[in-house]
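The values are calculated or read from the model by the stated rules, or taken from the named source; none is laboratory data. A quick note: this is a predicted structure, and the numbers were derived from the prediction, not measured. Calculation scope for accessible area: heavy atoms of the full protein, side chains included, ligands and nucleic acids excluded. Shrake-Rupley method; radii C 1.70, N 1.55, O 1.52, S 1.80 Å.
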Amino acid sequence: MKKTLLALAFVGALMVSCKEKTEEKMDEAADAAATEMTQTVDTAAAAMETKVDSAAAKVEGAAEAGAAKVEEAAKEVKEAVKK
């Protein structure tokens, strides 16, 4: 009987010990996953910001070119009206 109780106590202690290690591993895995997700989101945000800045610069250049064409056409019309 004594041996059975000692064996059960040993098995119980072993299970508790393994449970703590498993919980630690799970916590580490969750932290690693959170860090990786944060890095992925930061990388995606940086890439998106670069694309938005590039698109904004292109739109600004196109607006300036369009304004120049409108001014040129207005000058031509004004000269045509004077003649």
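Which of the following residues is modelled with pLDDT under 80, within 42 Å of the chain's Cα centre (by Cα) and open to solvent by 100 Å² or more (accessible area, probe 1.4 Å): Met15, Met48, Met1? Please lay out each step first, then the result.
Numbers: Met48 fails: modelled with pLDDT under 80; Met1 fails: within 42 Å of the chain's Cα centre (by Cα).
Going through Met15, Met48, Met1 in turn, just one is modelled with pLDDT under 80, within 42 Å of the chain's Cα centre (by Cα) and open to solvent by 100 Å² or more (accessible area, probe 1.4 Å): Met15.
Please tell me if Ala55 is hydrophobic (A, V, I, L, M, F, W, C), at pLDDT 85 or above and under 34 Å from the mean Cα position of the chain (by Cα).
On the way: hydrophobic (A, V, I, L, M, F, W, C): yes; at pLDDT 85 or above: yes; under 34 Å from the mean Cα position of the chain (by Cα): yes.
So Ala55 passes the test.
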